[in-house]
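Okay, structure first, notes after.
The values are calculated or read from the model by the stated rules, or taken from the named source; none is laboratory data. In this text the structure is predicted, and so the values were computed from the model without any measurement. Here Cβ is always computed from backbone atoms with ideal geometry, including for glycine, and neighbour counts include all displayed protein chains. Just so you know, the surface numbers come from the protein's heavy atoms only, side chains and all, with ligands and any DNA or RNA stripped out. Shrake-Rupley method; radii C 1.70, N 1.55, O 1.52, S 1.80 Å.
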Amino acid sequence: MADTPAKGAASARPLSPHLQIYRPAITMIMSIMHRVTGAALYFGTLILVVWLAAAASSPAAFDTMQWLLGTIVGQLVLFGYTWALFNHMLGGIRHFIWDTGAMLEKATTTRLAWLTLVGSLGLTFLVWVVGYIVWL
Amino acid sequence: MNMRTPLSRVRGLGSAGEGTGHFWLQRLTGIANLLLTIGFVSFVLASLGASHEQFTAQFSNPFTTALLILFITSGVVHMRLGMQVIIEDYVHEEGAKLACLIANTFFCVAVALVGVLSVIQLAVGG
Ligand code: HEM
């Protein structure tokens, strides 16, 4: 503690490395994705509520929302929402496992990260195939 | 050296005075979301391309109504806690942080209220 430089003074010690120093690892990317998808879902809930409010207010408002969500842009947003939901859901299951203290070994976390990514893409694909069958 | 008073150690609530409350509620609502997501996705799939009449008819089933109310309330509590952590991680200026935390709560309460009231209205057919 004695030779800690004063605030603002240049330090001769190496600074702790930050995000951009590390080569991206899948564990780190999926950790970031859990936060990004959580934030995306935060605004996704708004879409759900607007959809329900439109249905509650009038048939015309609901038809407008159904049309809007069916456009290419609407479908892209919903596709992103679906993937964010499954990615975050599987990421959440990972957190629950880790909360018990299990599966924290380096090789295991790497495998879990890949599973989260592949699993979320698989579930998204599955739901959209079912969705198009229902819709068309 | 332990700077904590014996009383604070016995209470075990930490510096924010909330103990593990935030952590636990985030997990609890996370588990609820996990279960409710299955029902929610099914509901959306059943509603694709639905007319207003077909859509509102689904609310004659009380389980559908309950599912949506639970998903909205659990989801909103969960997302408010989650966004709070994100704000605390990135917004360090005290005034801006407070403003963001207040806006977060206001947004979540408004989303929950509009969502739940809409579902109730659809259920009672008003
Ligand atoms: C589908 C089931 C879900 C599960 C299992 C789940 C699980 C979790 C868990 C365990 C965390 C804490 C992560 C941590 O401590 O670092 C978390 C964070 C979060 N969740 Fe969820 N969640 C789910 C759905 C949702 C939904 C629907 C939303 C939004 C409406 C949401 C928004 C968030 C946000 C904003 C965070 C904070 C992210 C962060 O701190 O990096 N989650 N979730």
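From the list A:T109, A:T100, A:T124, which one is within 15 Å of A:I26 (Cβ to Cβ), modelled with pLDDT of 95 or more and among the polar types (S, T, N, Q)?
A:T109
Right, A:T37: more than 7 Å from chain B (Cβ to nearest Cβ) and surrounded by fewer than 16 Cβ atoms within 10 Å (Cβ to Cβ) or not? I'd like the intermediate steps shown before the answer.
Details: more than 7 Å from chain B (Cβ to nearest Cβ): yes; surrounded by fewer than 16 Cβ atoms within 10 Å (Cβ to Cβ): no.
The answer is no for A:T37.
Okay, residues lined up against (1) more than 16 Å from the ligand (Cβ to nearest atom); (2) among the polar types (S, T, N, Q); (3) at negative phi; (4) facing chain A (nearest Cβ under 10 Å):
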{"residue": "B:L70", "(1), (2), (3), (4)": "no, no, yes, no"}
{"residue": "B:S74", "(1), (2), (3), (4)": "no, yes, yes, no"}
{"residue": "B:G82", "(1), (2), (3), (4)": "no, no, yes, yes"}
{"residue": "B:I102", "(1), (2), (3), (4)": "yes, no, yes, no"}
{"residue": "B:A112", "(1), (2), (3), (4)": "no, no, yes, yes"}
{"residue": "B:S118", "(1), (2), (3), (4)": "yes, yes, yes, yes"}
{"residue": "B:Q121", "(1), (2), (3), (4)": "yes, yes, yes, yes"}
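Can you tell me which of A:Y22, A:Y42 is of a type in the set (F, W, Y) and either more than 9 Å from chain B (Cβ to nearest Cβ) or open to solvent by 90 Å² or more (accessible area, probe 1.4 Å) (or both)?
Working: A:Y42 fails: either more than 9 Å from chain B (Cβ to nearest Cβ) or open to solvent by 90 Å² or more (accessible area, probe 1.4 Å) (or both).
Of A:Y22, A:Y42, the one residue that is of a type in the set (F, W, Y) and either more than 9 Å from chain B (Cβ to nearest Cβ) or open to solvent by 90 Å² or more (accessible area, probe 1.4 Å) (or both) is A:Y22.
Select from segment A:94-133 the residues that are aliphatic (A, V, I, L, M), away from the ligand (no atom under 14 Å from the Cβ) and within 12 Å of another protein chain (Cβ to nearest Cβ) and list them in ascending order.
Of everything in segment A:94-133, those that are aliphatic (A, V, I, L, M), away from the ligand (no atom under 14 Å from the Cβ) and within 12 Å of another protein chain (Cβ to nearest Cβ) turn out to be A:L126, A:V129, A:V130, A:I133.
What's the number of the only condition in (1) more than 30 Å from A:T71 (Cα to Cα); (2) part of a helix (DSSP H, G or I); (3) not aliphatic (A, V, I, L, M) that B:F59 fails to meet?
Tallying (1) more than 30 Å from A:T71 (Cα to Cα); (2) part of a helix (DSSP H, G or I); (3) not aliphatic (A, V, I, L, M), B:F59 fails exactly one: (1).
Taking segment B:30-68 as the region of interest, how many residues are at the interface with another protein chain (Cβ under 10 Å from one of its Cβ atoms), within 9 Å of the ligand (Cβ to nearest atom) and open to solvent by less than 40 Å² (accessible area, probe 1.4 Å)?
4
Looking at segment B:69-126, which of its residues are exposed (fewer than 14 other Cβ atoms within 10 Å of the Cβ) and touching a residue at least 60 places away in the same chain (Cβ under 8 Å)?
Residues of segment B:69-126 exposed (fewer than 14 other Cβ atoms within 10 Å of the Cβ): B:88-90, B:92-96, B:98-99, B:102-103, B:105-106, B:109-110, B:113, B:124-126.
Within segment B:69-126, B:G125 is the sole residue that qualifies.
Among the candidates A:L85, A:L76, A:L68, which residue alone is more than 10 Å from chain B (Cβ to nearest Cβ) and either hydroxyl-bearing (S, T, Y) or under 20 Å from B:S42 (Cα atoms) (or both)? Can you show your working first?
Working: A:L85 fails: more than 10 Å from chain B (Cβ to nearest Cβ); A:L68 fails: either hydroxyl-bearing (S, T, Y) or under 20 Å from B:S42 (Cα atoms) (or both).
After ruling out the rest, the residue left standing is A:L76.
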